[in-house]
1. Select, from MET47, MET92, MET28, the only residue that is among the aliphatic types (A, V, I, L, M), more than 26 Å from LEU215 (Cβ to Cβ) and free of Cβ contacts under 8 Å to residues at least 24 places away in the same chain.
2. So which of ALA99, ALA107 ends up being more than 24 Å from ARG199 (Cβ to Cβ), under 17 Å from the mean Cα position of the chain (by Cα), outside any strand (DSSP E or B) and in contact (Cβ under 8 Å) with a residue 40 or more places away in the chain?
3. Within segment 30-64, restricting attention to residues that are surrounded by 17 or more Cβ atoms within 10 Å (Cβ to Cβ) and among the β-branched types (Val, Ile, Thr), which residue is farthest from SER84 (Cα to Cα)?
4. Between a residue in segment 186-197 that is assigned by TED's automatic domain parsing to the domain that holds ILE167 and any residue that is buried (at least 19 other Cβ atoms within 10 Å of the Cβ) and outside any helix (DSSP H, G or I), which pairs come within a Cβ distance under 7 Å, given they are 6 or more apart or on different chains?
5. Regarding SER105, is this residue surrounded by fewer than 23 Cβ atoms within 10 Å (Cβ to Cβ), in contact with a Pro (Cβ under 8 Å, 6 or more places away or on another chain), modelled with pLDDT of 85 or more and of a type outside the set (D, E, K, R)?
6. Consider ALA128 carefully, then state whether it is closer than 25 Å to SER84 by Cβ, small (Gly, Ala, Ser) and in the same structural domain as LEU30 (by TED's automatic domain parsing).
7. Six or more apart or on different chains, Cβ atoms under 6 Å: show the pairs whose first residue is in segment 114-141 and farther than 16 Å from ALA32 by Cβ and whose second is among the β-branched types (Val, Ile, Thr) and in a helix (DSSP H, G or I).
Amino acid sequence: MNEAPQASSQITIVIADDHEVVRAGLRMLLDAEEDFEVVDEAGDVPMTLRKVLAYSPRVLVLDLSMPGEPSLPAIPRILETSPSTGIVVLTMQDDVQSAREALRSGALGYVLKESSDEELVQAVRFAADGRTYLGPELGARLAAEPAKPPRPPDGLSDRELEVLKLIALGHTNNEMATRLFLSVRTVESHRAQLQAKTRRATRADLVAYAREHGLID
C-alpha cells in the first residue's frame, strides 16, 4: 500500500474518534505509510480543538458522531484554529446531504468507514495537498442529486435566526422587539435559546457564529 512520499516533510495527522479501538486501528493504518505521522488522538470536539491548536497537523481525520458537541458545526472553528489543516471526515453517514454540508463547512475529504484502507490513505494525501477527495460512489451520487437548501445550523428556529441576525447587526433587545413585533421578554427568551443551542455566550461570539454560517457579511 505504501507509496513514494509526495513531499519532503512528514504529513502530520491527528485522529478524532470517540472509540479507542477505532483510533488504534487508524493509527496502525496511517503510521504504516512512510510519510505519515500520527501525532495525537482525540475523543471529542473540545479535545480535538486543543490537539489541533497544539500541533497544527497537516491533516485531521474527524469522526462526525462523537459524543457531546457535534462535529459538523465545529469544522469552521477547527479551521479557524488551524487554517492550514486539511480535514478528512470519516463517518458511517453515507447520505449526500451530510457530505455536502461537510464540504461546504470546509472539509476536504469525506470517506465512509466501510471504505477501503486505500481510500482513506488517498483522502489524507489529497487533504495534505489542499485537494478535495470523495469516494467514487458518493461523488457520483453527490453530482446526481440537486443541492437542498441548507438546514438551519444547530437546529435554530426561523425566529431564533432572525434574532441572531439582528444581534449580529448590533440591535438591542428593545430594538429587536420593535422590529419583530414581540415583547422584550420574548426576545430575551429567544436570545437565551440561541445562546444555549450555539454554545455562544457573548454578543461577539454570536457575531462570529453568524459570520461562520454565512448569515451576515
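1. From the options MET47, MET92, MET28, the qualifying one is MET28.
2. After ruling out the rest, the residue left standing is ALA99.
3. VAL45
4. Partner pairs satisfying both residue conditions: LEU194/LEU156; LYS197/LEU156.
5. Spelling it out, SER105 is indeed surrounded by fewer than 23 Cβ atoms within 10 Å (Cβ to Cβ), in contact with a Pro (Cβ under 8 Å, 6 or more places away or on another chain), modelled with pLDDT of 85 or more and of a type outside the set (D, E, K, R).
6. yes
7. Every condition considered, the pairs that remain are ARG141/VAL96.
The values are calculated or read from the model by the stated rules, or taken from the named source; none is laboratory data. Nothing here was measured: the structure is a model prediction, and the numbers come from that model. Heads up, the Cβs are rebuilt from the backbone with ideal geometry, glycines too, and the neighbour counts pull from every protein chain shown.
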